[in-house]
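Please read the structure below before turning to the comments.
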Ligand SMILES: Nc1ncnc2c1ncn2[C@@H]1O[C@H](COP(=O)(O)OP(=O)(O)OP(=O)(O)O)[C@@H](O)[C@H]1O
Ligand SMILES: [Mg+2]
């Protein structure tokens, strides 16, 4: 309890600096929060698209039933593959006639079915990356009875690029703010240490342990960090409400993300405080 | 209990503050540490408190040795060695009682024990009635008593006092000195570094260690102590010191009070 009380007193004694460091932590995490919001919504929106990531292997008409069965089981056994579905020539024609209604009159009159049979392959969640898709496609292409392989390569690429850009921007911007925040927290803690140098000297003189002497300052960093995290949460929530109301329906962040954000604030503050404590109280009990 | 074995303390820029000092102070002993300004008194006390390490030789205090002690053991040592300063070093925003409680809290005393112990300590130093006074409301002598009570908070084996009466008038000095003697009678060893010759004269039977330019030039416990040949050999070293002190310039804190005056009646 003592470290908390003393840390709070220290913060209250330097309201401007304390506010600045809390705000800086808040802003750095707010940026991360905004991008988190973006990333979360992108992935949710694209999860459905991604789920549809499928590879279609068109089969030649010469394929026999035994060969078909063999090929299906073999492909189904790929570690990346979630399911393999066979679409026969007839089904293909039926699907086409349903989807392309303007030609529905034409299809029944065809003497030969021009559409090939195909295998529709879905990948497991962990393997819906451009690399994996391409690799599976290449393997399919090497089958004798596979005529052509199609997959939504561009889509797959775009999803991933978008996410990488969002992540990278959040990292760079949030990171720069975090550095500023750490400098501010470090300065606040350093000033608290200086303000209490007489007490520290007395504590050292009577034999307080260095842990006892240092703890209030670490807690001060922790409190600044957690407050910053809470501020970031509030700011992100406001941004979410504005977006949701003014632009389009947006999903709010999952609870674990929020918790992780606030925790990150606490850690940020504590690490910054630790640095100052190390530097300023380096000579405790040094002989 | 406190032993200096051929202790040398060298400072890179000011040379040897102490040079080849050896002495032993037993449990419960009272010793004066005297010598002119710059002789190395404060340095010697800081070595006992392990605020600094000797550059040669070894200082041992109770079971701690300057050559083996680890950083995290120093707080434990400090609790066995109380330190009293010339300028008291009390926290102005805390009352007398709170200043003492501060030391108890800092050294992890159980909450319930703090209050009664503070009152007991204040009683020991004769300030039971001033518990709630702030340092600014206390006389110099009273402030020093609070500082002594704080130094006693961890039940030390020894009290180190660096010029504890340096900021006090004669009456207060004698009061504080008598307090040290009482505490000593109750079993706490005391090493008192001082310029104040009135105190020495008040207790001629007390052990005296005299430093000069970093050397131990006199130890009353071993009269045979190696003394450099000095022109005034034969006279008591204490009173030579008094004479030295009177000659040294810029020594405002030195009290030459008393009817005898400097260089006065040698025995
Ligand atoms: N931290 C330090 N760094 C360098 N030199 C020092 C340091 N502390 C003390 N000295 C030197 O060591 C010598 C002894 O100093 P010390 O303070 O022990 O003397 P003293 O006997 O306590 O003097 P005084 O009676 O004036 O308090 C002096 O020459 C001083 O300049
Ligand atoms: Mg001194």
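Rule-based calculations on the coordinates, nothing more; no lab input. Computed from a predicted model, the values in this text were never measured in an experiment. Here the Cβ positions follow ideal geometry from the backbone for every residue, glycine too, while neighbour counts run over all protein chains shown.
List of remarks:
- Counting only the Cα atoms, region B:1-55 fills a convex hull of 78 Å³ per residue.
- For region B:2-234, the share of DSSP beta bridges that are antiparallel, to the nearest 5, is 50%.
- Largest-first principal axis extents, alpha carbons of the protein assembly as shown, Å: 142, 48, 41
- Rounded tilt (10° steps) of A:89-99 against the dominant C-alpha axis of chain A: 70
- Reported to the nearest whole Å, the Cα centre-to-centre distance from region B:8-82 to region A:243-286 is 46.
- Computed from Cα positions, the angle between helix A:15-51 and the longest principal axis of chain A comes to roughly 10 degrees.
- Helix A:130-141 and the longest principal axis of the Cα set of chain A meet at an angle near 20°.
- Taking only Cα atoms of region B:24-152, radius of gyration then Dmax in Å: 16.3, 47
- Mean Cβ neighbour count within 10 Å, used as a protection proxy, ranking A:111-117, A:78-84 highest first: A:78-84, A:111-117
- Per residue Cα convex hull volume in Å³ - calculated over chain A: 179
- Percent of beta bridges antiparallel (DSSP, the protein assembly as shown, rounded to nearest 5): 65
- Peptide A:206-216 shows a mean partner chain C-beta count of 6 within 10 Å per residue C-beta.
- Rounded if a/c under 1.5, otherwise prolate or oblate - region A:54-151, Cα gyration tensor axes: prolate
- Computed over the Cα atoms of region A:151-287, pair by distinct pair, the Kirkwood hydrodynamic radius stands at 17.8 angstrom.
- Evaluated at q = 0.08, 0.16, 0.17, 0.18 Å⁻¹: base-10 log I(q)/I(0), Debye formula over Cα of region B:2-234: -0.30, -1.15, -1.26, -1.38
- Counting, for every residue in B:69-77, the Cβ atoms of other protein chains within 10 Å of its Cβ and taking the mean gives 4.
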